[in-house]
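Working notes, structure below.
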Amino acid sequence: MSATLIDGRALASALRISVRQKVAELVARGVRPCLAVILVGNDPASRIYVRNKSRASEDTGALSELHEFPDHTAEAALLERIAALNADPRVHGILVQLPLPAQIRTGRVLEAVSPEKDVDGFHLHNLGALVAGRAGFVPCTPAGIIKMITHAGVPLAGRHAVVLGRSNIVGKPMALLLLREDATVTICHSKTRDLALITRQADILVAAVGRAKMVTGAMVKPGACVIDVGINRLADGSLAGDVDFASVKEVAGHLTPVPGGVGPMTVAMLLANTARAAERALAGRAEPR
Ligand code: NDP
């Protein structure tokens with residue numbers, strides 16, 4: 001048996017077309033969505049992600065502006081820029097590329113972004129809205145994953161979903177979104193015992209760990225939908241997910257590739273959130289609280 005691949009590039013490209021239409025409508029109404037991207041330091045991977053997000057944003061007809069800071073930047077300087085961007089009516093979305101250098105408190109910076117411009121969905125207000133089942137910006141990676149699973153026709157209601165990883169930006173919001181879709185959810189992490197015993201019970205398995213190829217075919221229930229969030233750079237320079245593609249594709253029913261799976265969808269959801277932020281700004285209202 002060989003799993004059906006869920007093509008993140010194709011789905012993202014369809015989503016980007018609908019964002020482009022929405023941007024054109026907004027422009028016709030006098031507002032061009034604008035995404036401000038903050039990059040601190042010289043991490044090569046961050047630089048690539050920022051470039052991709054900026055290009056993708058411009059491709060929809062939105063504006064994107066890069067705010068670069070050197071590695072040794074003080075937290076106060078960053079907070080000052082964020083305050084200026086919060087107050088700038090031209091700017092609808094603010095994205096702070098992670099990770100930040102050690103001298104800067106990530107939580108402090110993420111909470112400085114206005115919740116109405118928090119298109120990454122990392123602000124406590126938006127995370128709280130997700131917990132409470134209220135409207136708000138949902139983190140892009142898990143939001144994109146729900147779209148991928150739904151698009152593949154994989155049912156979620158009543159199914160057992162297992163999430164590997166409990167970060168605030170992927171694992172926890174992923175679990176909450178799966179719960180919102182009526183899945184029965186288990187969250188695993190580095191202290192979880194008998195991991196394979198749990199993963200083998202998953203109808204839907206989401207791996208967001210950051211360890212290359214750790215999920216093998218022997219850990220997967222036959223026919224399961226396996227979503228690979230991991231992006232790991234191997235010694236030879238190639239990219240690998242958290243899932244051992246070769247063995248898992250023989251067992252799973254659906255599988256996302258790396259690259260070309262979750263990554264493009266994350267970017268597409270960011271664009272959708274930016275257009276939505278601009279739309280809400282035009283309507284003169286914040287997200288319902
Ligand atoms: P974090 O490092 O913040 O979290 C990793 C999680 O994995 C932690 O909860 C950790 O547990 C858990 N973990 C570590 N080792 C194990 C193990 N052996 N068994 C079970 N769980 C384990 O990573 P992120 O959530 O930020 O990202 C995860 C991966 O997803 C990374 O590869 C990242 O590059 C990628 N990513 C991809 C995106 C995309 O668009 N495709 C977007 C964002 C991230 P504990 O909490 O106990 O430490």
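Just to be sure I understand, how many residues within segment 225-268 are surrounded by 23 or more Cβ atoms within 10 Å (Cβ to Cβ), part of a strand (DSSP E or B) and either within 9 Å of the ligand (Cβ to nearest atom) or acidic (Asp, Glu) (or both)?
Final tally of qualifying residues: 1.
Looking only at segment 1-14, count every residue that is out of contact with any strand residue (DSSP E or B) (no Cβ under 8 Å at 6 or more places or on another chain) and either assigned to a loop (DSSP other than H, G, I, E, B) or surrounded by 16 or more Cβ atoms within 10 Å (Cβ to Cβ) (or both) and tell me the total.
The first filter runs over segment 1-14 and keeps only residues out of contact with any strand residue (DSSP E or B) (no Cβ under 8 Å at 6 or more places or on another chain), leaving 1-2, 7-14.
Subsequent filtering for residues that are either assigned to a loop (DSSP other than H, G, I, E, B) or surrounded by 16 or more Cβ atoms within 10 Å (Cβ to Cβ) (or both) retains 1-2, 7-8, 11-12.
Total meeting the criteria: 6.
Does segment 86-94 contain at least one residue that is touching a residue at least 24 places away in the same chain (Cβ under 8 Å) and part of a helix (DSSP H, G or I)?
Yes, segment 86-94 has at least one match.
Looking for something within 17 Å of the chain's Cα centre (by Cα) and under 30 Å from Gly223 (Cβ atoms) - is there at least one such residue anywhere in segment 15-24?
Keep residues of segment 15-24 that are within 17 Å of the chain's Cα centre (by Cα), which gives 15-16, 19.
Within this subset, residues satisfying the condition of being under 30 Å from Gly223 (Cβ atoms) are 15.
Taking every residue of segment 15-24 in turn, at least one turns out to be within 17 Å of the chain's Cα centre (by Cα) and under 30 Å from Gly223 (Cβ atoms).
In segment 169-219, which residue that is open to solvent by 70 Å² or more (accessible area, probe 1.4 Å), of a type outside the set (Ser, Thr, Tyr) and within 6 Å of the ligand (Cβ to nearest atom) is farthest from Ala240 (Cα to Cα)?
If we filter segment 169-219 for residues that are open to solvent by 70 Å² or more (accessible area, probe 1.4 Å), which is where we start, we get 172, 179-182, 184, 187, 190-191, 193-194, 197, 200-201, 211, 213, 218.
Now narrow it down to the ones that are of a type outside the set (Ser, Thr, Tyr): 172, 179-182, 187, 191, 193-194, 197, 200-201, 211, 213, 218.
Adding the requirement that they be within 6 Å of the ligand (Cβ to nearest atom) leaves 191, 211.
Details: Lys191: 23, Arg211: 9 Å.
Top of the filtered list is Lys191.
Each row is one residue, and each column tells you yes or no for (1) open to solvent by 70 Å² or more (accessible area, probe 1.4 Å); (2) in contact (Cβ under 8 Å) with a residue 12 or more places away in the chain; (3) outside any helix (DSSP H, G or I); (4) not polar (S, T, N, Q).
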residue: Arg16; (1), (2), (3), (4): no, yes, no, yes
residue: Gln21; (1), (2), (3), (4): yes, no, no, no
residue: Leu26; (1), (2), (3), (4): no, yes, no, yes
residue: Arg32; (1), (2), (3), (4): yes, yes, yes, yes
residue: Ile38; (1), (2), (3), (4): no, yes, yes, yes
residue: Asn42; (1), (2), (3), (4): yes, yes, yes, no
residue: Arg47; (1), (2), (3), (4): yes, no, no, yes
residue: Asp71; (1), (2), (3), (4): yes, yes, yes, yes
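Pick from Lys117, Lys147: which is of a type in the set (Lys, Arg), closer than 19 Å to Leu271 by Cβ and more than 16 Å from the ligand (Cβ to nearest atom)?
Values: Lys147 fails: more than 16 Å from the ligand (Cβ to nearest atom).
It is Lys117.
Of a type in the set (Val, Ile, Thr) and part of a helix (DSSP H, G or I): does that describe Ile187?
Numbers: of a type in the set (Val, Ile, Thr): yes; part of a helix (DSSP H, G or I): no.
No.
The values are calculated or read from the model by the stated rules, or taken from the named source; none is laboratory data. All figures in this text were calculated on a predicted structure; none of them were measured in a lab. All Cβ positions, even for glycine, are placed from backbone atoms using ideal geometry, and neighbour counts span all protein chains on display. For accessibility, only protein heavy atoms count, side chains too; no ligands or nucleic acids. Shrake-Rupley method; radii C 1.70, N 1.55, O 1.52, S 1.80 Å.
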